[in-house]
Structure formats: structure tokens, C-alpha cells
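To keep things clear, I will list the structure first and then write my remarks on it.
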Amino acid sequence: MDYILIDETESISIKDLESIINSNNTTYDRKKKEYKLLLEAAKKEQNSILKSSNNKEIKNILSRKDETKIIVDEEIQYYYNEFMGLELNELKTEYLSTLPSIKNERYCDIINIILLQLNLILKDWYECIQELELKKEEYKAAREEINDIYTRRRLLIDAFYQKDDEDEDQETENIENQLLFLKTDAGNIQAIEEIKSIDTSFYERIAELLNSIKDGTFKNVKRLTENDKVKGIPEVKGYQVRVVFERISSNQYVIISIFTKKSNSDRAYRQYLESKISYYKKNKDKIKKICTNPEYIEENLDIDTKLFELLERGYAKK
């Protein structure tokens with residue numbers, strides 16, 4: 001926050017003047033504290049050399065900011081990871097694509113908990129600054145991290161209040177994510193091949209999961225954790241059905257695999273999943289390069305239509 005300047009050529013009410021004075025006093029107090037910390041950091045740099053133990057300690061505190069977490073469920077963890085995975089230069093244009101759709105009934109809860117988590121991270125950073133003898137460059141790096149968290153907080157607060165803004169609400173609900181589909185080595189559409197091998201009694205649930213990716217509600221979303229080969233890849237799930245996917249651009253999601261899962265300890269399932277994710281990772285860079293190509297987009301829209309027609313024919317028979 002910067003100081004608010006008063007234009008002497010314009011009239012201003014006493015109430016507005018008091019508000020400006022209060023705001024500038026707050027800004028002054030904050031800047032004074034930051035300046036004091038900067039002077040202390042500079043003085044310590046001149047008068048002492050950081051002990052090697054301090055270097056280890058700062059690493060411990062900085063790593064602790066990733067461990068200090070509010071207890072959350074897998075859905076909140078998914079959105080937190082997506083949002084925090086954005087680089088600073090991507091935040092303002094991409095952040096909404098990493099958050100739940102306003103149609104998600106937990107929209108406000110999810111954003112609130114992510115905000116609480118950011119507050120914990122800020123607390124750790126301030127402890128780091130206050131407790132350790134930081135060099136000037138280390139203090140500067142810490143301030144950059146703190147500023148990054150404040151930027152993310154402001155964007156989340158903006159997103160939170162969109163829930164009450166009817167115009168923003170309508171705009172968001174009109175956005176639809178696009179599904180992208182892998183081809184097998186033989187050139188067939190992998191998702192369609194998988195669906196054809198699944199009993200039609202599951203088709204309605206599969207369509208529901210795919211639609212939840214398209215509309216941004218991500219039904220029962222979580223990240224896989226079984227082993228390093230699959231770790232971090234998200235899935236949406238229903239009763240005995242799974243769709244594994246990954247976001248590859250702001251509103252494009254690659255469908256990695258569609259399958260039924262009846263057991264949590266099925267070895268064949270784990271091997272199958274590892275194989276599909278490995279195949280996707282081999283093709284990921286190629287997909288990133290062509291995902292904005294109009295012909296590729298049109299091709300995948302056609303596949304999307306065929307896939308849902310197949311699913312609808314299947315569950316219409318019930």
C-alpha cells in the first residue's frame with residue numbers, strides 16, 4: 001500500500017480526510033517496521049558473518065512453510081497445489097483457472113481455507129526474518145517471497161467476492177474447459193477405446209465425471225499418491241469409476257485414462273495406471289506445443305462429441 005496524496009485543487013470532506021490520514025498512518029507504520037528490519041539486516045551483515053548453523057536453520061524454517069498446513073481434505077489440497085503452482089508472472093491472467101468453479105458448492109470454503117494456509121506461510125516467513133541473522137540479500141529474498149504471498153492473497157480475496165457479484169458470476173458460469181484426448185500408437189482415441197471396454201452401467205457416472213472437469217466443479221478431485229510414477233497427477237472419481245487427467249493450459253485438460261476401480265489394492269490397476277500416465281508424460285511436451293492450434297482444438301471438440309454420444313447411447317439403454 002502506498003501513501004494517498006491529497007489534491008489541493010479539489011474539495012474534500014472531513015470524513016474523507018480522516019480516512020486518508022488513517023490510511024497514511026497505517027502505511028507509515030508498516031514502512032517504518034520494514035525499514036527497521038532492513039537496517040538491522042544491513043547492520044548484521046556488516047558486523048558479523050552468518051554462522052553455518054544459521055544457514056541450516058533458515059532452510060529448516062523455509063521448508064517448514066510447506067509443512068505447516070491446516071488439516072484439509074483432498075479436494076482443497078488439489079486447488080491449493082494448482083493455485084500455488086502458478087508462477088508470479090502467470091498469476092493475474094491464470095489464477096481463476098486454478099480455482100473451483102463458482103458453481104462448486106464449496107467455493108467459499110475452499111478459498112477461505114487456502115487463505116488461512118497463506119496466513120500460516122506468512123507467519124513462518126516473519127518468524128524467519130525476526131529469529132535469524134539474515135544477510136541483506138537473504139532479507140531481500142524473504143521480502144520477495146512475502147510479497148508473492150500477499151499478491152496471491154489479494155487475488156483470492158477478489159475471487160471470494162465474485163460469489164456475490166452477479167455479473168462476474170454469470171461470466172464465470174459461461175466458461176467451459178476443453179477436454180483433450182490422447183491417441184494410441186496405432187492412432188486410435190485412447191478414451192474411446194477404454195470406454196468401449198467398460199460395462200455400459202458405468203457410462204452415466206463417467207459422463208458426470210467428464211462434465212465436472214468441463215464445468216470446473218471437479219467431482220471428488222484428488223491427486224494420486226501411490227508412488228513416484230503417478231504422484232501428483234489428479235483424478236476425479238465416482239462410485240467405482242475414475243477419470244485421470246491433467247491441466248495443460250488455462251482451460252484445457254488432457255484425459256489420461258478412464259477406468260473402473262473396484263479395489264484399493266488392485267495390483268493390476270496400479271500397473272495399468274502407471275502405464276497410462278507414463279504414456280501421457282512422453283507426449284506431454286508435444287501436446288503443449290499444439291494445444292492452441294485451431295485444427296487440433298477442432299479435432300478434439302469432434303472427439304468430445306463422439307465420446308459423449310457413445311456414453312449417452314450406453315446409459316439410455318438402462
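The values are calculated or read from the model by the stated rules, or taken from the named source; none is laboratory data. Because the structure is predicted, anything quoted here is derived from the model rather than measured. When we count neighbours, we look across all protein chains shown, and the Cβ atoms used for this are built from the backbone with ideal geometry, even at glycine. These accessible areas exclude ligands, DNA and RNA; they are computed on the full protein's heavy atoms, side chains included. Shrake-Rupley method; radii C 1.70, N 1.55, O 1.52, S 1.80 Å.
Brief remarks follow.
Residues are listed down the side, and each one gets a yes or a no for (1) within 27 Å of E204 (Cα to Cα); (2) in contact with a strand residue (DSSP E or B) (Cβ under 8 Å, 6 or more places away or on another chain); (3) aromatic (F, W, Y):
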position	(1), (2), (3)
D228	no, no, no
V241	yes, yes, no
I255	yes, yes, no
D266	yes, no, no
K276	yes, yes, no
N300	yes, yes, no
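- Residue that is farthest from F259 (Cα to Cα) [pool: residues in the stretch 196-224 that are among the polar types (S, T, N, Q) and out of contact with any helix residue (DSSP H, G or I) (no Cβ under 9 Å at 6 or more places or on another chain)]: S212
- Residue within the stretch 258-273 that is within 23 Å of E105 (Cα to Cα), charged (D, E, K, R) and either in contact with a helix residue (DSSP H, G or I) (Cβ under 7 Å, 6 or more places away or on another chain) or not in a helix (DSSP H, G or I) (or both) present: no
- Sole exception among (1) surrounded by 15 or more Cβ atoms within 10 Å (Cβ to Cβ); (2) within 20 Å of E193 (Cα to Cα) for A268, by number: (1)
- Among the conditions (1) touching a strand residue (DSSP E or B) at 6+ places or on another chain (Cβ under 8 Å); (2) under 20 Å from T200 (Cα atoms), Y280 misses just one, which is (2).
- Residue that is nearest to C108 (Cα to Cα), among those in the stretch 130-157 that are open to solvent by 70 Å² or more (accessible area, probe 1.4 Å) and of a type in the set (D, E): E145
- Matching residues in the stretch 97-106 - criterion: being surrounded by fewer than 20 Cβ atoms within 10 Å (Cβ to Cβ) and not polar (S, T, N, Q): K103, E105, R106
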